[in-house]
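S.K.: If you scroll down you'll find the structure; I have some questions about it.
Derivation of every value follows stated rules applied to the coordinates shown; laboratory data play no part. Everything numeric here is computed off the predicted structure, so don't read it as measured data. Positions of Cβ are backbone-derived with ideal geometry, glycine not excepted, and every protein chain shown enters the neighbour counts.
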Amino acid sequence: MPGTLRALGPAVRIAVAAALGAALVVAVPGAPAAATPLQRAVTRDLGWSAAQAPELFAAQDAAGRSGEELRAQLGGSFAGAWLAAGALRVAVTDAAAAALVRAAGATPVPVTHSFAELAALRSALDDLAATARPPAAVTQWYVDAPSNSVVIVVDDAQGAADAATRSFLADARRLGDAVRVVGTDHGLTLRERLTGGDAIFDGNVRCSVGFMASTPSGDARAITAGHCTQAGGTVTGPDGVAIGDVTDSTFGPSGDFGVFAINSAWQVTPSVDGDGGAPITVTGSQPAPIGAAVCHSGSSSGYRCGEITATDVTANYAQGVVTGLTETSACSEAGDSGGPFLAGDQAQGVVSGGSGDCSSGGSTLFQPMSGILASGDLTLLTG
């Protein structure tokens, strides 16, 4: 393990261990109105106080960067990183790696399986799904670093005990002893709506616009979900006025993202709608770690917040299998697809689908920004 690690500074360790820990375990019912739309949203959905929000987002950004550095340094001994009880935890497979994690100011968690082993197992499940489409009751699977396993989620309401589901799970368990099956009360659906509304349209599909970007030649582009776009189609606004032609429409093993041009009739800004419609300026795209707070803006549910619960998720939608998604505890509803996910002011990705709704609770999956920008050679528009 060559190289040296940059330790988390004392201020960052205090912010993560104290401020973030307090926010995750102490609810703040009846908190006063927040000063900004972002603070109002995290107060409502996460129980943070308005005063905590800037410090907490800065702390989790720092933890995310440290997690990435540790992953690069630890190599094959790395088994995942996440925030829990206010601390950055890093799973490792040997004592030498644990010492490096501790020296960097994070908490080492000894485990059996490396991240590479778990990722290979998840890929084997992807291959299994490509050979024989999983039954509808199997909604998704992903590497779960805190449990050092690959989790398969099964919707009990769709018939978890039927023969096809039992057969798929039996085949999955034969791939490795790290497979773990968990149940859910919610099915998985894409976040689109086939009726009119204040959003963007491609044909009769209503979705939400995500982030703004530019091509190497400086042409403006908008990013949304791939299932919201059609190759050769044209995206319009709620009043039927054309915004631009679709330049990329991807839905399947390569992800769920769409890109469309923006004509000169539309103003392009590096911002998204926050709580109550107030704009939030996007300043970058630093990925947040598991356990971090994130919020999304949708044309149906508005501005909703939650925490990242899993990465590299494979989702088994009725319309097809999509890999490489990130799962969150934020709620969403039909029509939110393509909407932007933020961690503070850092772009995380665009809504793909989810389970449940904002009345009964559920989860939301998003397509991470890195794959979108790299695939289209795009530069995120920031302020």
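S.K.: For region 130-142, take each phi angle, set θ = phi - 60°, evaluate the Karplus expression 6.51 cos²θ - 1.76 cosθ + 1.60, and give the result in whole Hz per residue in order, putting x for glycine and proline.
M.R.: Residue by residue, region 130-142 yields 6, 7, 9, 3, x, x, 4, 5, 7, 8, 6, 8, 6 Hz.
S.K.: Can you run phi through the Karplus equation (6.51, -1.76, 1.60; θ = phi - 60°) for region 72-89 and list ³J(HN,Hα) in whole Hz, with x for Gly and Pro?
M.R.: Result, rounded to whole Hz: 5, 6, 7, x, x, 8, 6, 9, x, 9, 7, 9, 8, 6, x, 10, 7, 10.
S.K.: Return the calculated 222 nm mean residue ellipticity for the chain, to the nearest 500 deg cm²/dmol, obtained by summing -39500 (n - 2.57) across DSSP H runs with n ≥ 4 and dividing by the residue count. The partial results should precede the final answer.
M.R.: Details: 8 runs with 87 residues, N = 383.
Mean residue ellipticity at 222 nm (helix-derived): -7000 deg cm²/dmol.
S.K.: Round to the nearest 0.05 the FRET efficiency obtained for residue 147 and residue 58 when R0 = 45 Å and r is the Cβ-Cβ distance.
M.R.: Working: r = 29 Å, r/R0 = 0.63.
With a Förster radius of 45 Å, E is 0.95.
S.K.: If amide hydrogens are placed 1.01 Å from N in the peptide plane, which non-local residues have theirs closer than 5 Å to the one on residue 382?
M.R.: Distant-sequence amide H within range of residue 382: zero hits.
S.K.: Report, by chain and number, residues whose modeled amide H sits under 5 Å from the one on residue 298, excluding near sequence neighbours (fewer than 5 apart, same chain).
M.R.: 303, 304
S.K.: Per 0.36 nm of contour for each residue apart, how much would the distance between residue 379 and residue 124 grow if the chain were fully extended, relative to their Cα-Cα spacing?
M.R.: 88.5 nm
S.K.: Take residue 263, project a point 7 Å from its Cα along the Cβ direction, then tell me which residues of region 239-253 have their backbone nitrogen under 20 Å from it.
M.R.: The answer is 239-249.
S.K.: If packing is taken as the average count of other Cβ atoms within 10 Å, what order do 205-211, 250-256 fall into, highest mean first?
M.R.: Details: 205-211: 28.0, 250-256: 20.0.
So the order, starting with the most tightly packed, is 205-211, 250-256.
S.K.: Here is a follow-up. Residue 360 versus residue 166, label points 7 Å from Cα toward the beta carbon: distance in nm?
M.R.: About 2.6 nm, to one decimal.
S.K.: Continuing with the same structure: When DSSP beta bridges are limited to those with both residues in the chain, what percentage is antiparallel, rounded to the nearest 5?
M.R.: Roughly 85 percent of the beta bridges in the chain run antiparallel, per DSSP.
S.K.: Take each of the peptides 315-324, 143-152, average the number of other beta-carbon atoms within 10 Å over its residues, and list them starting from the highest.
M.R.: On the way: 315-324: 19.6, 143-152: 22.2.
Listed from highest to lowest mean packing, they are 143-152, 315-324.
S.K.: Beyond 21 Å, what percent of the Cα pairs of region 288-383 remain? Let's see the in-between values first.
M.R.: Details: 1192 of 4560 pairs.
Counting pairs separated by more than 21 Å, the tail of P(r) holds 26 percent.
S.K.: If you don't mind, there's one more thing I want to ask. Would you please give the FRET efficiency between residue 72 and residue 204, computed as 1/(1 + (r/R0)^6) with r the Cβ-Cβ distance and R0 = 41 Å, to the nearest 0.05?
M.R.: Efficiency at R0 = 41 Å is approximately 0.35.
S.K.: For region 210-320, what does the relative contact order come out to in percent, with C-alpha contacts under 8 Å and a separation of six or more?
M.R.: Reported as a whole number, the value is 18 percent.
S.K.: Give the relative contact order (percent, whole number) for the chain; include only Cα pairs under 8 Å separated by 6+ residues.
M.R.: Reported as a whole number, the value is 15 percent.
S.K.: Hey, what do the phi angles of region 303-320 turn into as Karplus ³J(HN,Hα) couplings, whole Hz, using 6.51/-1.76/1.60 and θ = phi - 60°, x for Gly and Pro?
M.R.: With the stated coefficients, region 303-320 comes to 9, 10, 10, x, 10, 5, 10, 6, 10, 6, 7, 9, 9, 9, 6, 4, 8, x Hz.
S.K.: Here is a further query. Give the separation of the Cα centroids, region 71-121 to region 265-311, in Å.
M.R.: 28 Å
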